[in-house]
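The values are calculated or read from the model by the stated rules, or taken from the named source; none is laboratory data. These figures come from a predicted structure and were not determined experimentally. Here the Cβ positions follow ideal geometry from the backbone for every residue, glycine too, while neighbour counts run over all protein chains shown. Protein only, heavy atoms only, side chains kept; ligands, DNA and RNA dropped before computing areas. Shrake-Rupley method; radii C 1.70, N 1.55, O 1.52, S 1.80 Å.
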Amino acid sequence: MNIVTPATSRSDRGITPEPPTREQAEEAVRTLLRWAGDDPDREGLRDTPSRVARSFKEFFVGYAVDPFALLERTFEETDGYDEIVLLRDIRLESTCEHHMAPIIGRAHVAYLPYRRVVGISKLARVVDAYAKRLQIQEKLTAQIANTIHEVLEPRGVAVVIEAAHQCMTTRGVHKPGVTMVTSRMLGAFRDNAATRRELLAMIGNRGATIQSE
């Protein structure tokens, strides 16, 4: 089966429109504070707009990163290694694009090398590059897998994400303790049931490790 991945978009590569100024961002926060029913000029909130603007730079640093560039440096001296490479339990912190509430969980990223491998830290960096944006988990899972598939051209790629969404645990239906699991299988992990079973056995039951703090 041939796997066709979506074409790379400008936003996937971290190319975004010109942002507003810092002053405009802080004024927007003041507006939201007033909308919430408080006074942005009182002592406790006076510096909040500046703090929020700084924190947004950290929360959404992924927009400034090109995930494809992270995978450009590879290594071919592997002594013929062609089995599964799995990076398990990568801490994942993202933000729901619908309610701007935290998404906290773990990502498991695997690939079957074809001639070359990449430094394992780069896999974690790709996860962060996409996670540190406004996201939905389904899209996040696909973006990570598609990027690895496109750049490394391995025999297979698999991404499994398990996460708790604060938009449903602290508001709305108020269901704490619920986690969402998504997966994206490409190449051999999609076509070969035995390879897929081997991967899932290596991942194991990781749901208990997810913290929703």
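Observations on the model:
- Labels on offer are [x] 18.1; [y] 18.8; [z] 17.3, and the one holding Kirkwood radius over Cα pairs in Å computed from this structure is [y].
- Hydrodynamic analysis of segment 139-179 uses the Kirkwood radius over alpha carbon pairs. Inserted into Stokes-Einstein at 25 °C and 0.890 mPa s, it gives a translational diffusion coefficient of 202 µm²/s.
- GNM flexibility winner over the chain from L33, L70, L92 (Cα, springs under 10 Å): L33
- For segment 75-155, the dipole from Cβ point charges (+1 on Lys and Arg, -1 on Asp and Glu) about the Cα centre works out to 280 debye, to the nearest 20.
- The spread of Cα positions in segment 34-92, taken along each principal axis and listed from longest to shortest, comes to 65, 23, 17 Å.
- Carbon plus sulfur fraction of accessible area for the chain, probe 1.4 Å, in percent: 52 percent
- Sparse packing (at most 14 other Cβ atoms within 10 Å of the Cβ) combined with a DSSP loop state is found for the following chymotrypsin sites (Phe, Trp or Tyr not before Pro) in segment 28-99: Y81.
- Think of each Lys and Arg Cβ as +1 and each Asp and Glu Cβ as -1; about the Cα centre, that makes the dipole of the chain roughly 340 debye.
- Rounded to 10°, Cα long-axis angle of helix 120-131 versus longest principal axis of the chain: 40 degrees
- Angle between the chain longest axis and helix 137-152 axis [Cα atoms, degrees, rounded to 10]: 50 degrees
- Remark: the chain carries 58 Å² of accessible area per residue (probe radius 1.4 Å; ligands, DNA and RNA excluded).
- Principal-axis analysis of the Cα atoms of the chain puts helix 22-36 at an angle of about 70° to the longest axis.
- When both segment 39-94 and segment 190-205 are represented by their alpha-carbon centers, they are found 27 Å apart.
- Evaluated on segment 115-188, the Kirkwood hydrodynamic radius is 13.6 Å, with distances taken between all distinct Cα atoms.
- Dipole magnitude for segment 133-179: about 240 debye, using +1 per Lys or Arg Cβ and -1 per Asp or Glu Cβ, origin at the Cα centre.
- Fraction of C-alpha pairs exceeding 13 angstrom in segment 68-107: 73 percent, rounded to a whole number.
- Farthest towards the positive end of the charge dipole of the chain, among the residues G119, P67, V159, is the Cα of V159, using unit charges on the Cβ of Lys, Arg, Asp and Glu.
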